[in-house]
Amino acid sequence: MEKKKIFYGWYIVFGCLIITCTMVPPIMALSNKFLIQVTGDLGISRSAFTLANTILQGLGIFISPIVSSRLAKGNMRRIQCISIVGFVLSYASYSLAQNAAHLYISSFFTGIFFLNAALIPVSMMITNWFVKKRGLAMSIAMAGIGVGGTIFSPIITTLLEYYGWRHTYQIMALIILVLAFPAAFFLLRKSPQDMGLLPYGSEEPAQSKTSAAQSSFSFPLSVKESWSKVFFWIFIFGMLCNGLINTGALGHFPPAIEEMHGPQVQALIISMYSLIGILGKIVLGWLNDRYGVVVSTAFGCITFAVSFIFMLMGSNVMMLYIMAVLFGLGDAIGTVTPPLVTSAIFGTEKYGEAYGIANSFTQIGLSLGSLLVAAIYDASGSYNIAWILLLFLTVGALLGWIGSYFLSKKYRMHN
């Protein structure tokens, strides 16, 4: 009896997991672990330091559609590999900064290479390779963010303590190169057609209430025509809110926790919600495959929103432990939910173009979220107002995504 081969798409998932594990946490969840040392050494404000990340995220506003189109039409593996090398060199260059302007220059180049190497190509590959179990595949790939956060949070804390922020940037850049480049070069391929294969589950009959059923439709409207429809504006509003809440929270939970309870508790809490975030992504992906995008989106947004209530009570360390559980369970809305909502509305055929635009609005939020929270802190001396604002914006993301999904139903034609 011939042994059944493992579908190559699962190797794609593993390669994507390595990319998200190594490249995303240093930019998102762990970027502000450097904040206190860098601002103290260079004599700059927190807002000035945060502006570096704003520049990095802001690039996506303008070039995400270009990146998506280029990756869809070009040699994705070549673009991704070159971009990983560029990302590593740009990230290492933070260590050479002598003032805030140097940080901003490094962020400009880091942002360009990040967009071409990380989340956009990962989401495109998973969408191309999977019809059935797309939610599970996407969640496993994005779970690398939690894996990386769990592993690298204590590592960065230790490196900062013993070697300082300059050498820590250099060491992390080397780690990313050694792990991410081989994964992209040897494992990743843009689509199953490149290997003479079909997407996973494409030949199986779709079952109701599954992601396969959601994917088995055509969307006759062009993305350009969608701009004139209400559902599209609600859709991108959800993406904007999602960007704001993610960098607002991930960027400022570390310094907020460190100020309340010190660097060791900070490292523990970050590792805790990063570790739970792995489970959260798997749960959200399973909910999407089993019950659909509405249920998975509601689960993620509600748990994410409630975590801010417990952050408001963070002077009690036990409240932070509860916050870490809830935030970890909901954190998947930052990475897993956007591509799932996009594919549920637009389908596979128009996914690349639609996701490029969606990512542009997400990047607007990502570029402003951390800066907004930093400005609130600088003005009030407290994060409490920011946590309340982020709670309401999470509700905005929930209503935007679910509303756009239901309003777009009349335009979808099921096969």
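When each of the peptides 252-258, 372-378, 184-190 is scored by how many other beta carbons lie within 10 Å of its residues on average, the order from highest to lowest is 252-258, 372-378, 184-190. Computed from Cα atoms, the angle from the helix 230-261 axis to the main principal axis of the chain rounds to 30 degrees. Per residue, the stretch 68-204 exposes an accessible area of 40 Å² to a 1.4 Å probe, with every protein chain left in place. Find the centroid of the Cα atoms in the stretch 303-333 and in the stretch 339-365, then give the distance between the two in whole Å. One Cα centre to the other: 28 Å. Size estimate for the stretch 47-198 follows the Kirkwood approach: the inverse of mean 1/r over distinct Cα pairs works out to 16.7 Å.
For the stretch 243-330, the alpha-carbon coordinates run over 41, 21, 21 Å along the three principal axes, in decreasing order.
Peptides 293-306, 123-136 ranked from most to least packed by the mean count of surrounding Cβ atoms within 10 Å: 123-136, 293-306. Using a probe of 1.4 angstrom, how much of the accessible area of the chain is carbon and sulfur, in percent? Summing carbon and sulfur atoms, their accessible area is 69 percent of the total for the chain. For the stretch 260-415, just list the percent of Cα-Cα distances falling in each 5 Å bin from zero outward, please. Result returned by the calculation: 2, 9, 15, 19, 20, 15, 9, 6, 3, 1, 0, 0. The Kirkwood radius of the stretch 4-46, taken over pairs of alpha-carbon atoms, gives through the Stokes-Einstein law at 25 °C and 0.890 mPa s a diffusion coefficient of 189 µm² s⁻¹. On the principal axes of its alpha-carbon atoms, the stretch 72-122 has extents of 39, 14, 14 Å, going from largest to smallest. Among Lys5/Lys73; Lys133/Lys281; Lys73/Lys229; Lys229/Lys410; Lys229/Lys350; Lys73/Lys132, which pairs are too far apart, with a Cα-Cα distance over 18 Å? Correct reply: Lys5/Lys73; Lys73/Lys229; Lys73/Lys132. Across the stretch 1-135, the volume of the C-alpha convex hull divided among the residues equals 131 Å³ per residue. For the chain, the alpha-carbon radius of gyration amounts to 0.93 times the rule-of-thumb value 2.2 N^0.38 Å expected for a compact globular protein.
Taking H as built 1.01 Å from N, whose amide H comes closer than 5 Å to the amide H of Ser218, not counting residues under 5 places away? Answer set, sorted by chain and number: Met413, His414, Asn415. The local environment of Ser191, defined by Cβ-Cβ distances under 13 Å, has a net charge of +2 under the rule Lys, Arg +1 and Asp, Glu -1. Note on Asn316/Ser380: beta-carbon distance plugged into 1/(1 + (r/R0)^6) with R0 of 22 Å gives a FRET efficiency of 0.60. Give the separation of the Cα centroids, the stretch 249-282 to the stretch 9-59, in Å. Cα centroid of the stretch 249-282 versus Cα centroid of the stretch 9-59: 14 Å apart. Rounded to whole numbers, the Karplus 3J(HN,Hα) couplings from phi for the stretch 101-111 are 4, 5, 4, 5, 5, 4, 5, 4, 6, 4, x Hz, using 6.51 cos²θ - 1.76 cosθ + 1.60 with θ = phi - 60°, and x at Gly and Pro. Heavy atoms of the protein chains alone define the surface here; on that basis the stretch 292-410 has 33 Å² accessible area per residue at 1.4 Å probe size. Ranked by the mean number of other Cβ atoms within 10 Å of their residues, highest first, the peptides 28-39, 168-179, 217-228 come out as 28-39, 168-179, 217-228.
Relative contact order for the chain: 27 percent, from Cα pairs under 8 Å spaced at least 6 residues apart, divided by residue count.
Taking each residue as 0.36 nm, the span from Val294 to Lys409 lengthens on full extension beyond its C-alpha to C-alpha distance by 40.1 nm. At full extension, Phe108 and Lys224 could sit 38.9 nm farther apart than now, given 0.36 nm per residue minus the alpha carbon distance.
The values are calculated or read from the model by the stated rules, or taken from the named source; none is laboratory data. These numbers were taken from a predicted model, which means no experiment stands behind them. When we count neighbours, we look across all protein chains shown, and the Cβ atoms used for this are built from the backbone with ideal geometry, even at glycine. The area values use the complete protein model at the heavy-atom level, side chains included, leaving out ligands, DNA and RNA. Shrake-Rupley method; radii C 1.70, N 1.55, O 1.52, S 1.80 Å.
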